[in-house]
Amino acid sequence: MGYEHICKEGKGVLYYARHAIRLRNNPALTYAKRYADEHGLPLRVIYYLGLHEGEQKKSQRQWRFLFEGVEEFAELLVAAGINVEIFAGAEQELVDMLKQAQCVVFDVGYLRAHRKWQTRICEEIQCRCVSVETNVLVPVEEVLQKQAYSAGVFRPKYMTCVQQYLCSHNKIERSDDKGKILGKSLLNFSDFCANNKDLIIPIKYPEMSKWRGGSKAAEAQLQLFIKNGLCQYGKLETSLHTQSYSQLSPYLHFGHISPLTIYFEIIMSGAPQATVDGFLEQLLVRRELAINFVYYCPMYDQFPHALPQWSRETLARHISDIRTHTYTYEILESGQTHDPIWNEIQNRLVLTGEIQSYLRMYWGKKVIEWTKTYEQAWEYLIRLNDTYALDGQDPNGYTGIAWCFGLHDRAFKERVVFGKIRYMNETGIKKRQRSFKKEDEKLS
């Protein structure tokens, strides 16, 4: 992906950091640095503390995680001899700054608002603009030029491409000369919250002690997972209390760690091949399938337009089915349903900002069962996920919710409310937990 608008006069190279807030394995930063060095131009990195047109508000916990990453990123850039500017003015002022550059490098975002804004800005500033994909291993259009029907369709296409992209970009080396940072005072989080209430979604329990943003925390979490969780990955993933899942999703979402970094560390971990393969299936195939979905389906967050035709048809036939239980958004939000497993998943989401991928499927299926209409279920799920999940407003989240309604899946035996889309209940979770426990007892 890229845009090429050439301007004869320019004052340097700007890297507009948005989706890759790290030094290690950041191909957008690597490109910007190489271009600046080759042309004898100064390099500056800009981060905009605000929302572009179409971007959704964030919760305070999401903003704090983002701030921690940006603050660390700025310090690392300065140590590497690169000038940084934190900017929080009007968007037109930002555009005017970009216009002064000879070359502007963007990292790629895949959601609708990100792509629309970047396209508009590249057309407006009329200088050399280059967009670099930083958060996938294989550029999205390299795998397929259309939306993939399923993982079975996507996987073989992806695997034929991936090997050529498994090369490390490493990180920018430290410099003897330190860079400068402008606008550092804007990273005062308390002042930001006080002065930008219109950008913040108010929620209960906005602060969380568990999570800290930034590439150092991301790589520490990766090593913790390799040490304590990777060998168990996939065996205990349905447990409400296990730590066998990676907890790297927020760091991937905010660009604090590259999937390439994770890939190399996992490959070198010495963990059993079965668990390595299972994890890489999620990190690479499933995650980049989700990006394929939001890239080629512009209505990825809208019901029923995001769904395959067979799913729309089967749900349409069951639109009037009687629901045994129905709950309002407020009851769901507070985790006060009749199902203790669902309540625990929801309460964990509200308190900690995390929801493990398999449990998200169960959580989503139950909301379909407990709301008056499919449209209402869809709305509630997106609202809950995007508000409370630390990795909310992400391709994985939108794809996971759409999967609950039949996306990337097949038809099953028809039943009330669900039609032919896959059904899940607590019995399946408990059964899998019991089987995993028996397996562990045999091995002990």
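The values are calculated or read from the model by the stated rules, or taken from the named source; none is laboratory data. Owing to the predicted nature of the structure, the values given are computational and were not obtained by experimental measurement. Backbone-built Cβ (ideal geometry, glycine too); neighbour counts: all protein chains shown.
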Original post:
Going through region 72-99 one residue at a time, which ones are buried (at least 18 other Cβ atoms within 10 Å of the Cβ), in contact (Cβ under 8 Å) with a residue 60 or more places away in the chain and part of a helix (DSSP H, G or I)?
Top reply: Glu72, Phe73, Ala74, Leu76, Leu77, Val78, Met97, Leu98
**OP:** Hey, can you tell me all the residues within region 129-147 that are buried (at least 20 other Cβ atoms within 10 Å of the Cβ) and either modelled with pLDDT under 95 or not β-branched (Val, Ile, Thr) (or both)?
**Re:** Cys129, Ser131, Glu133, Asn135, Leu137
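Residue by residue, here is whether (1) in contact (Cβ under 8 Å) with a residue 60 or more places away in the chain; (2) assigned by TED's automatic domain parsing to the domain that holds Ile266; (3) surrounded by fewer than 15 Cβ atoms within 10 Å (Cβ to Cβ) holds:
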| position | (1), (2), (3) |
| --- | --- |
| Thr160 | no, yes, yes |
| Met208 | yes, no, no |
| Phe225 | no, yes, no |
| Leu230 | no, yes, no |
**OP:** Return the only residue of Ile421, Ile401 being out of contact with any His (no Cβ under 7 Å at 6 or more places or on another chain), modelled with pLDDT of 95 or more and closer than 24 Å to Tyr251 by Cα.
**Re:** Ile401
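Give me a count of the residues in region 14-51 that are in a loop (DSSP other than H, G, I, E, B), in contact with a Lys or Arg (Cβ under 9 Å, 6 or more places away or on another chain) and under 23 Å from Leu182 (Cβ atoms). Can you show your working first?
Narrowing region 14-51 to residues in a loop (DSSP other than H, G, I, E, B): 17-26, 40-42, 49-51.
Retained after the next criterion (residues that are in contact with a Lys or Arg (Cβ under 9 Å, 6 or more places away or on another chain)): 22-26, 41-42, 51.
Applying the additional criterion that residues be under 23 Å from Leu182 (Cβ atoms) yields 22-23, 26, 41-42, 51.
Residues that pass the stated criteria total 6.
If you go through region 163-172 one residue at a time, do you hit one that is polar (S, T, N, Q), free of Cβ contacts under 8 Å to residues at least 12 places away in the same chain and assigned to a helix (DSSP H, G or I)? Full working, then the answer.
Quick first cut of region 163-172, residues polar (S, T, N, Q) only: 163-164, 168, 170.
Restricting the remaining residues to those that are free of Cβ contacts under 8 Å to residues at least 12 places away in the same chain gives 163-164.
Narrowing further to those that are assigned to a helix (DSSP H, G or I): 163-164.
Looking for residues that are polar (S, T, N, Q), free of Cβ contacts under 8 Å to residues at least 12 places away in the same chain and assigned to a helix (DSSP H, G or I), one finds at least one in region 163-172, hence yes.
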